[in-house]
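Enquirer: Take a look at the following structure, please.
Each reported figure results from applying straightforward, stated rules to the coordinates on display, with no laboratory input. Please read all numbers here as calculations on a predicted model, not as lab measurements. Note that we place each Cβ from the backbone using ideal geometry, even for glycine, and neighbour counts take in every protein chain shown.
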Amino acid sequence: MAKYISQGVFALERPVYIESRSSVVGRKEGEGPLGKCFDMVVEDSHFGRQTWEQAESQFQLEAVSIAVRKAGLMKEDIDVILSGDLINQCIGSTYGLRELEIPFLGIYGACSTFAEGMLTAALLNDSGAVKRSAAVTSSHFSTAERQFRTPLSYGGQRTPTSQWTCTASGAVILSDKGDVRIVGGCVGKITDMGITDITNMGSAMAPAAAGTIQRYLTATGTTPEDYDLIVTGDLGIVGSKLVKALLTEQNIDIHAQHRDCGKMIFDNETQDTHCGGSGCGCSASVLCGHFLPMMERGEISNMLFAATGALMSPMSLQQGESIPSIAHLVHLRKEQKC
């Protein structure tokens, strides 16, 4: 059973490893700096389907299917799958995964969903309730834009602080096999600094990321120097600067270790994405396509992955509410299994 360290912070008692992982992205993401890292680049934003929502479901299905194939498994070998997305009622997940007939837990943490899914799946493995679990999530530029902002056909101008919702999906399969271990994690707290600007998501999410990272370091008695990398989800250019500044005020310097998936997935100079990428699929695809392979190759051995999410909805924004945010943290370590 998982070991309690402090409120929201725990260590896994049983060895839980990432047995397989996959990443599927759209054309724009494939044209970015990490394009060669992903398992599949889909040129058609509709993925051969009639609607963007159907396309996002197909991204998830493909990501899970690739991870299953890479592990030499069948879908029946997965005891439970956890997934969520940004579309209302998480229909990207339910419609995408329904044909697999795998026991399903729908979750929602906005862009932090992948870390939430990994933590929950790892706890299920650690408890002995399941032998093999999977976590997956997705986002799609077109589904998110027309739900949260303005219709794409309107052609509205994007503000300098805005981020580009990634068309992407990432999946992991967890079991007692593999050499990248989930050591433990930190469940995020809802953080709300009163920001109401939906085009400035990095500023809204940075305080949540800073709080979660600080809580985990304090609870475990570690410092940034104990880790090769401290990776945030999709704070983008503005949020990345802010999270480092907030932690520096607490005498925690992560400048050398910090990387942000939202900053990395696009080339800001050539792809005109303003402050970088965002969306559930952003951190999921970058973790599975870039960072986990680095760990498998032995280039890094110890990292913190803190995916960030803004917990608003179209309705809350229309009512003038502020943007509550959260960040969940997963501690990953390269550990060759005997």
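Enquirer: Scan Ala204, Ala209 and give me the residue that is within 18 Å of the chain's Cα centre (by Cα) and either closer than 23 Å to Leu82 by Cβ or surrounded by fewer than 24 Cβ atoms within 10 Å (Cβ to Cβ) (or both).
Expert: Ala209
Enquirer: Please identify the pairs in which a residue from region 55-72 that is outside any helix (DSSP H, G or I) has its Cβ atom under 7 Å from the Cβ atom of a residue that is of a type in the set (D, E, K, R), counting only partners at least 6 apart or on another chain.
Expert: Ala71/Glu19
Enquirer: Report the residue count in region 26-63 for those that are among the β-branched types (Val, Ile, Thr) and closer than 18 Å to Cys282 by Cβ. I'd like the intermediate steps shown before the answer.
Expert: Taking region 26-63 and keeping what is among the β-branched types (Val, Ile, Thr), we get 41-42, 51.
Cutting the leftovers down to closer than 18 Å to Cys282 by Cβ gives us 41-42.
Summing the residues that are among the β-branched types (Val, Ile, Thr) and closer than 18 Å to Cys282 by Cβ in region 26-63 gives 2.
Per-residue answers, yes or no, for (1) aliphatic (A, V, I, L, M); (2) over 20 Å from Ala115 (Cβ atoms); (3) out of contact with any Lys or Arg (no Cβ under 8 Å at 6 or more places or on another chain); (4) crowded, with 21+ Cβ neighbours inside 10 Å:
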site	(1), (2), (3), (4)
Gly233	no, no, yes, yes
Val243	yes, no, yes, yes
Glu269	no, yes, yes, no
Cys280	no, no, yes, yes
Gly298	no, yes, no, no
Arg333	no, no, no, no
